[in-house]
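Have a look at the structure below, then the notes.
The values are calculated or read from the model by the stated rules, or taken from the named source; none is laboratory data. Here the structure is a predicted model, which means the values were calculated and not measured. We place every Cβ from the backbone using ideal geometry, glycine too, and count neighbours over all the protein chains shown.
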Amino acid sequence: MDSVDATLVNCLQDGLPVCSRPYDDIAASLELSVDELLSRIQHLLDDKVLTRFGPMFNAENLGGALSLCAMQVPLERYDEVADLVNAFPEVAHNYERDHLLNMWFVIATERPEQAGAVLGEIEQATGCRVYDMPKQEEFYIGLKLAV
């Protein structure tokens, strides 16, 4: 990552401008062409410097549901179960933890009543119990990691 990439990552953490051509505005502010900007973003994704680039939506504000879930997965089945869980379009994040409950993931559904059905399907597909921990209160911390 060079200094332009570092500046780009810092800039992207503040969000994209709300306008008809947001990449034009960001590229101009960094003195890049739009093609170079998009190429740099793609390289950061390909090199795993960025793990995700896209919009963040609040499922609850859109009428849906969001829930943190955990599973106890036998270590010898971990990769298999992770693939099964990640195949569900409702699964947003999936992390391995050094804990009895060693797989943690977030689901987001379009409607609150879908959440239970999705968790049941995950249990059926994996043979592992899903512990549902729906959010009780939200705190915004505004995390930005300066590069």
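Structural remarks
- Selection within segment 68-123 - closer than 22 Å to Arg52 by Cα and of a type in the set (S, T, N, Q): Asn86, Asn94, Thr109
- Flag set for Phe88, criterion: out of contact with any Ser or Thr (no Cβ under 7 Å at 6 or more places or on another chain), at pLDDT 95 or above and assigned to a loop (DSSP other than H, G, I, E, B).
- A count restricted to segment 1-34 and to residues that are part of a helix (DSSP H, G or I) and over 18 Å from Leu45 (Cα atoms) stands at 5.
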